[in-house]
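The values are calculated or read from the model by the stated rules, or taken from the named source; none is laboratory data. This one's a predicted model, so the numbers in the text were calculated from it and none came from an experiment. Here the Cβ positions follow ideal geometry from the backbone for every residue, glycine too, while neighbour counts run over all protein chains shown. Side chains are part of the model used for accessible areas, which takes the heavy atoms of the whole protein and leaves out ligands, DNA and RNA. Shrake-Rupley method; radii C 1.70, N 1.55, O 1.52, S 1.80 Å.
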Amino acid sequence: MADIPALEACFVLIAPLAAKVILLPKTAPLFNENTIFGNCHNCHSGSLQGFILNSKNCNLAAMKTCTHCHKDNPDDFNYCRYCGADLTYVTVNKVKSFWKKIPAWAWIIIIVAAVAGILFALIGSFIAVTTIEGIASIVLLVLGIIGFGVAPLRKPENPGSFTRAIGLSFFALMGATVDQTGNIIYNQPVEMCFCDEGTSLNRDENISNPMPGTTIVQQDFTCFDDMGNPVKSINMFAVLGIRFLEYVLLGYLLIAIRSLIWKLRNNT
């Protein structure tokens, strides 16, 4: 005797299809996979039960609206998945994407906001690099870690003295020109070399606007005594020279750290 749950499952699947055949004058050949499913094989996974359970997961970007029951079907269906009506000659309704639904006035606001955001970011980053100590140092340190292969870690190689000199020189020139403000660590050698005993180094910036739309930022390194009086103004080229040497040493340090990490990982 047949298993009752299995019979019930078959009845649940077959009864709706049989009702469609009886009630509708023009329906699909119900057990022809190509006529019912069309080309949407991802919806039914090769079985009628899979089609019934998963047909709503099809791509709904382009739809066919059934002229009989007025329900939507995927564009590659030949027959309505709800009532079985013929969809061969039904026009496909293409659904507009989200971006195409945005009106022109909204696009104007988006474009203006994007341009303003980019300009604000550029101006803000310029001001931060030229006025706040440590910002440029952090950015260049991250770039150095990536460029010299510390993270992500790359196998140490010997590119030759000339090639290594070019890489270190470029890194040091970037450090000397971009990181003029330095930080509390990088500015210590400047103080040790140029400020006399009993004086301390203070960095400030002089901002001028000689012409409309032009901004010039000059770093001011000055040694002050205990009373807060300026004692010596340090030449900016001397500061740039020290900064250049600092970044050369930083480059060699990153190369050494890369080799050390590589050896430790290989030994373990």
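What to note about this one:
- List 89, 252, ordered by accessible area with a 1.4 Å probe, largest first: 89, 252
- The listed residues 64, 101 rank as 101, 64 when sorted by accessible area, largest first, using a 1.4 Å probe.
- Inter-site label distance for residue 209 and residue 157 at 7 Å from Cα along Cβ, in nm: 5.0
- Residue-wise HN-Hα coupling along segment 198-210, computed from phi with Karplus coefficients 6.51, -1.76, 1.60 (Hz; x: Gly, Pro): x, 10, 9, 8, 10, 10, 9, 10, 10, 9, 9, 10, x
- Taken one residue at a time, the phi angles of segment 65-75 give Karplus couplings (6.51, -1.76, 1.60, θ = phi - 60°) of 8, 5, 6, 9, 9, 6, 10, 7, 9, x, 5 Hz. Gly and Pro are set to x.
- Rolling a 1.4 Å probe over the protein heavy atoms leaves residue 236 with an accessible area of roughly 40 Å².
- Against the criterion of solvent-accessible heavy-atom surface with a 1.4 angstrom probe, 193, 80 sort, most first, into 193, 80.
- Interchain or long-range residues, amide H under 5 Å from residue 64's placed H: 73, 75, 93
- For residue 232, the residues 5 or more places off, or on other chains, whose built amide H falls under 5 Å of its own are 223.
- In Å², nearest 10: area of residue 263 left accessible to a 1.4 Å probe: 130
- Take the Cα of residue 267, step 7 Å toward its Cβ, do the same at residue 120, and the gap between the two points is 5.2 nm.
- Estimated FRET transfer efficiency (residue 71, residue 99; beta-carbon r; R0 25 Å; 0.05): 0.40
- Mean separation of Cα contacts under 8 Å, 6 or more apart, over the residue count of segment 122-186: relative contact order %: 60
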